[in-house]
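See structure below.
Here, each number is a calculation from the coordinates, and none is a lab measurement. Worth saying up front: this structure is predicted, and the values here are computed from it rather than measured. Heads up, the Cβs are rebuilt from the backbone with ideal geometry, glycines too, and the neighbour counts pull from every protein chain shown.
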Amino acid sequence: MTEEYGIRTFHGPRMWMGAAFALLLILVLCWGLIVATQVFLRSLDILAMTSPETAILRAGLALRVLGAIMGGLALATAAYTARMSKLVILNRQVPPPGAWVLGKPTVVFGDRAAMLGYVGYGLAALLSVVGVVVVGLLWHYVSLMTSGVVPV
């Protein structure tokens with residue numbers, strides 16, 4: 001790891017080993033999520049044969065939980081983007097000091113960097129709005145899907 005302009009850069013074989021490990025970890029977690037989803041869908045299918053109302057309510061609950069997770073991730077990403085944009089504007093440097101970067105970055109200074117920071121604020125706001133709207137639409141869809149269903 002080297003540090004220039006306050007930026008922590010990772011490069012070389014050690015960086016590639018870390019990136020490969022992170023990719024492997026993500027692939028294993030995704031595979032586990034796919035298997036868990038398949039098990040859930042099979043159990044939902046079996047439940048639908050005996051109690052369709054309960055299956056619909058359980059599917060609605062699963063969609064609401066998924067929506068809440070998606071909204072939380074969108075808002076967390078928007079908050080991180082806004083924080084980094086603030087650092088970019090204050091330091092007039094992209095990437096800002098203290099940032100962790102893979103490879104050798106091209107550093108941008110001055111007015112151009114500040115403009116990129118303001119663009120980052122706009123993207124963070126857009127991501128926040130889209131995240132909230134998508135969760136709201138999903139919640140409304142589930143309400144429509146489960147309206148008129150009486151649990152047994």
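Taking R0 as 35 Å, what FRET efficiency do you get between residue 109 and residue 134 from their Cβ-Cβ distance, rounded to the nearest 0.05?
Once the sixth-power term is evaluated, E becomes 0.45.
Before rounding to the nearest 500, sum -39500 (n - 2.57) across all DSSP H runs of length at least 4 in the chain and divide by the residue total; then give [θ] at 222 nm in deg cm²/dmol.
Helix-only estimate at 222 nm: -28000 deg cm²/dmol.
Ranked highest first by average number of other Cβ atoms within 10 Å, how do 90-98, 44-52 line up?
The densest-packed peptide leads the list: 90-98, 44-52.
If you fit an axis through the alpha-carbon atoms of helix 13-50 and take the longest principal axis of the Cα set of the chain, what angle between them do you get, 0 to 90°, nearest 10?
Once rounded, the angle reads 10 degrees.
For the charge dipole of the chain, defined by +1 on Lys and Arg C-beta atoms and -1 on Asp and Glu C-beta atoms about the Cα centroid, which residue among 10, 56, 124 has the Cα displaced farthest towards the positive pole?
10
Tabulate in residue order the Karplus-calculated ³J(HN,Hα) for the range 81-98, using 6.51 cos²θ - 1.76 cosθ + 1.60 with θ = phi - 60°, rounded to whole Hz; enter x for Gly and Pro.
These are the phi-based 3J(HN,Hα) values: 4, 5, 5, 5, 5, 4, 5, 5, 5, 5, 9, 6, 8, 10, x, x, x, x Hz.
Just round it to a whole percent: the fraction of Cα-Cα distances in the chain exceeding 28 Å.
When every Cα pair of the chain is considered, 47 percent fall beyond 28 Å.
Could you go through the range 59-66 in sequence order and give the Karplus-derived ³J(HN,Hα) for each residue, using 6.51 cos²θ - 1.76 cosθ + 1.60 with θ = phi - 60°, rounded to whole Hz, and x for Gly and Pro?
Along the range 59-66, the couplings run 5, x, 4, 4, 5, 5, 5, 4 Hz.
Out of all DSSP beta bridges in the chain, what portion is antiparallel? Express it as a percent rounded to 5.
In the chain, approximately 60 percent of DSSP beta bridges are antiparallel ones.
Taking the Cα centre of the range 2-146 as the origin, how large is its charge dipole in debye, to the nearest 20, when only Lys and Arg (+1) and Asp and Glu (-1) carry charge on their Cβ atoms?
240 debye
Compute a Gaussian network model of the chain, connecting alpha carbons closer than 10 Å, and tell me which residue from 87, 25, 126 fluctuates the most.
Highest fluctuation of the listed residues: 25.
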